[in-house]
Amino acid sequence: MAAAAFFDLDRTLIRRSSVLALAGSFRQRGLISRLDLAKSAFWQVLFVLRGASAERVRRASEDGMKILSGFTVEDMQALVGDAMEPVLRPLVYDEPLHLVRRHREQGERVYIVSATLQEIVQHIADDLGFDGAIGSTCEIADGVYTGRSLRAAHGEGKAEAIRELATVEGLDLAACTAYSDSHTDVPFLEAVGHPVAANPDRKLRRIARRRGWPVIRFAS
């Protein structure tokens with residue numbers, strides 16, 4: 001069976017929240033208003049509060065999908081595409097891309113796994129040369145988001161998503177590596193044989209120390 005490396009996105013592969021980085025683009029396209037950005041639990045909890053519980057993040061993610069209602073997939077893809085060069089790519093750490101190359105040299109596939117919307121994560125993965133991406137999914141009808149959450153790829157949901165991928169792709173999770181910064185990703189890290197705490201929050205740092213997981217920090 002094959003091995004793979006799974007990289008969390010926000011604050012692991014890139015320096016900040018991908019969605020908050022795209023907030024200006026969202027406002028320009030009419031997806032959110034300034035009031036939405038200020039008050040929405042989706043933005044505040046899912047992508048800002050590192051100390052939020054997994055359950056709180058789950059509820060926020062599901063509620064936040066409602067913001068997408070009526071927005072087309074085509075417009076979302078265009079939005080992310082337009083923002084990739086000026087907004088997102090400058091936020092990417094160099095160090096994890098070096099790790100990506102190292103895993104590739106060992107014959108391993110590489111994936112981004114994030115609670116961020118699938119279409120956003122997929123575009124970033126394609127642009128950076130990853131083999132694939134797993135993100136949260138929103139129901140789509142006739143090319144338009146309905147606002148109904150289908151898959152929340154965080155916490156245990158993120159772990160389940162990579163287990164499903166492993167079954168489909170013939171991956172040996174015991175031989176796989178996962179990188180994340182958040183304690184809410186402990187189930188994701190536990191799902192592989194080689195968990196790594198990357199830029200960990202305080203709680204994950206304590207867990208990693210207790211369990212003997214490697215801790216690494218990206219600076220550039």
Exercise for the section: Using per-residue counts of other Cβ atoms within 10 Å, averaged over each peptide, order 161-168, 84-91, 18-25 from highest down. Expected result: 18-25, 161-168, 84-91
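Quote to one decimal, in nm, the extra length available between M84 and L150 on full extension: 0.36 nm per residue of separation minus the C-alpha distance between them. Don't skip to the answer; put the middle values down first.
Numbers: separation 66, 0.36 × 66 = 23.76 nm, distance 2.56 nm.
Result: 21.2 nm gained on full extension.
Can you give the extra length, in nm with one decimal, that the chain gains between I140 and V215 once fully stretched, where that is 0.36 nm per residue apart less the Cα-Cα distance? Walk me through the intermediate numbers first.
On the way: separation 75, 0.36 × 75 = 27.00 nm, distance 3.86 nm.
This chain segment gains 23.1 nm when fully extended.
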Fill in the blank from the handout: Residue by residue through the stretch 123-136, the couplings from Karplus 6.51 cos²θ - 1.76 cosθ + 1.60 with θ = phi - 60°, in Hz, x for Gly and Pro, are 5, 5, 4, 5, 5, 8, x, 6, 7, x, 8, 10, x, 6
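Where a number appears in this text, it was derived from the coordinates with a stated rule and is not lab data. Quick caveat: nothing in here was measured; it's all calculated off a predicted structure. In this analysis, Cβ positions are derived from the backbone assuming ideal geometry, glycine residues included, and neighbour counts consider all displayed protein chains.
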